[in-house]
């Protein structure tokens, strides 16, 4: 009897491990080779197989992951916009404005694009809608920095999640943010664009 129970326990453990491995594999994301991202005037590594949303304006690009039975689709959004000369906001203030004053948890400092930024977690929030009905605001992860130079640019990498955040979500945002670089090859296009010289110091 004990042998049967031990065997059943062993099978259960192996099955649980196998399911966890499948789930972890589904959550992990492979990044492609560095490529121009003309919408934001940068070069970076983007998730392989994710679909770029069409019709995005210059200064913003969003990508959605393929459908999976293991989780709801995530969306990764990159944004770039200039700060006015009169604006002297901190990264924390900009992040707060960008997320409509949602309560955040400062995860850690994050260096990317040659300067120090921050990586923020916005946990699931329960609130009331304008009609007074209960609603759930899904969690987000936001990497944000301000590039130095005569023209200061805000650069954000945001992951919108529909379920609980997991370590792989943070790894994805950090990896994409750290892969971002400036490229002289895009300088001419950036200078002609409505959002200005994104890649220029």
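Look at region 123-138 and say how many of its residues are in contact with a strand residue (DSSP E or B) (Cβ under 6 Å, 6 or more places away or on another chain) and either within 26 Å of residue 81 (Cβ to Cβ) or surrounded by 16 or more Cβ atoms within 10 Å (Cβ to Cβ) (or both).
Selection size over region 123-138: 2.
Could you please let me know if residue 120 is under 16 Å from the mean Cα position of the chain (by Cα), exposed (fewer than 11 other Cβ atoms within 10 Å of the Cβ), at pLDDT 75 or above and farther than 20 Å from residue 43 by Cβ? Reasoning before the result, please.
Working: under 16 Å from the mean Cα position of the chain (by Cα): yes; exposed (fewer than 11 other Cβ atoms within 10 Å of the Cβ): no; at pLDDT 75 or above: yes; farther than 20 Å from residue 43 by Cβ: yes.
No: the conditions fail for residue 120.
Spot the failing condition for residue 107; the list is (1) surrounded by 13 or more Cβ atoms within 10 Å (Cβ to Cβ); (2) modelled with pLDDT of 90 or more; (3) in contact with a helix residue (DSSP H, G or I) (Cβ under 9 Å, 6 or more places away or on another chain), and only one is missed.
Residue 107 satisfies all of (1) surrounded by 13 or more Cβ atoms within 10 Å (Cβ to Cβ); (2) modelled with pLDDT of 90 or more; (3) in contact with a helix residue (DSSP H, G or I) (Cβ under 9 Å, 6 or more places away or on another chain) except (2).
Where the second residue is modelled with pLDDT of 70 or more and assigned to a loop (DSSP other than H, G, I, E, B) and the first is farther than 13 Å from residue 38 by Cα and lies in region 52-64, which pairs have Cβ atoms under 9 Å and are six or more apart or on separate chains?
63/46; 63/50; 63/53; 64/50; 64/53; 64/73; 64/74
For residue 52, are the conditions met, namely being surrounded by fewer than 17 Cβ atoms within 10 Å (Cβ to Cβ) and at pLDDT 75 or above?
Details: surrounded by fewer than 17 Cβ atoms within 10 Å (Cβ to Cβ): yes; at pLDDT 75 or above: yes.
The answer is yes for residue 52.
The values are calculated or read from the model by the stated rules, or taken from the named source; none is laboratory data. Keep in mind the model is a prediction, meaning the values are calculated, not measured. Here Cβ is always computed from backbone atoms with ideal geometry, including for glycine, and neighbour counts include all displayed protein chains.
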